[in-house]
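Remarks on the structure that follows.
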């Protein structure tokens, strides 16, 4: 049968079926013959174009992500969601907290005793009665004169992950130059030093309630207390003249 005869004979359904057969035969012949070089080139060009589009989309997406160069805490956010980012204006402020550190001033008399790596005990005004371990991390090579005294900045790195420690807290640091245990110590307030001879003395209360000044030999000396190497025994009562006839006593320990 010819297609024209089927169509004019009033058989549209048969004609449509016959058309589909012809299309199927053409597709089969195309598959058996394989794609032409132009089709292969066109398909490859489409693939390359799609890959380039994906790459550009990834680059554009990555430009929307801000990556911090360090770990820290966002201390200030200068934009809002959906806001316009203007060139030259910081989006946020990032505070480095790894590790927490502080800077103290050590005068020229003591700076020679300070070394990088020495242990430090840090106390914070906001967290009383708590000591945090730390170490000396840096010593400034150049001093700063103030009031006739030259001081040097000493960097101290805290060794704690306590979340209560906050940036900006006021701190006091004690650098441990040397440390001993099981020694006899006396507060410096109770010690009298003879500048001419360099000898050191304390007042001791005797059993007959008299006060005797005796010479002592000091060992390690700290800001508040000093080690007594000889001249005192544990349990001795050390006295200080308060003036006006008053005397204050401290039991040796």
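Every number here is computed from the coordinates shown, using simple stated rules; none is lab data. Everything numeric here is computed off the predicted structure, so don't read it as measured data. Cβ placement follows ideal geometry from the backbone for every residue including glycine, while neighbour counts extend to all protein chains displayed.
Residues 186, 104, ranked from the fewest to the most other C-beta atoms within 10 Å, line up as 104, 186. When only Cα pairs below 8 angstrom with a gap of at least 6 residues are kept, the chain shows a relative contact order of 11 percent. Helical content of the chain, expressed as a calculated mean residue ellipticity at 222 nm, amounts to -7000 deg cm²/dmol (DSSP H runs of 4 or more residues, -39,500 (n - 2.57) each, divided by residue number, nearest 500). Counting only Cα atoms, the size of the chain along its three principal axes is 147, 39, 36 Å, in decreasing order.
Sorted fewest first by neighbouring Cβ atoms within 10 angstrom, 124, 92 come out as 92, 124. Structure remark: mean-square fluctuation, Gaussian network model of the chain, C-alpha springs under 10 Å; the largest value among 22, 184, 100 belongs to 22. Over the stretch 141-191, with a single point scatterer placed on each C-alpha, what log10 of the ratio I(q)/I(0) does the Debye formula yield at q = 0.17, 0.20, 0.22, 0.24 1/Å? The Debye formula, applied to the Cα set alone, gives -0.97, -1.03, -1.03, -1.04. Computed across the stretch 146-240, the Kirkwood hydrodynamic radius from all distinct Cα-Cα pairs reaches 16.8 Å. Rounded to the nearest 10 degrees, the inclination of helix 37-62 to the longest alpha-carbon principal axis of the chain is 30 degrees.
Once you compute Rg and the Kirkwood Rh from C-alpha atoms, what is the Rg to Rh ratio for the stretch 72-173? It would help to have the intermediate numbers written out before the result.
Values: Rg = 17.9 Å, Rh = 16.1 Å.
Value, to two decimals: 1.11.
Extents of the stretch 162-206, taken as max minus min of Cα coordinates on every principal axis and listed largest first, are 51, 27, 22 Å. Compute the whole-percent fraction of alpha carbon pairs in the stretch 50-91 spaced more than 16 Å apart. Result for the distance tail: 55 percent. Sorted fewest first by neighbouring Cβ atoms within 10 angstrom, 154, 106, 79 come out as 79, 106, 154.
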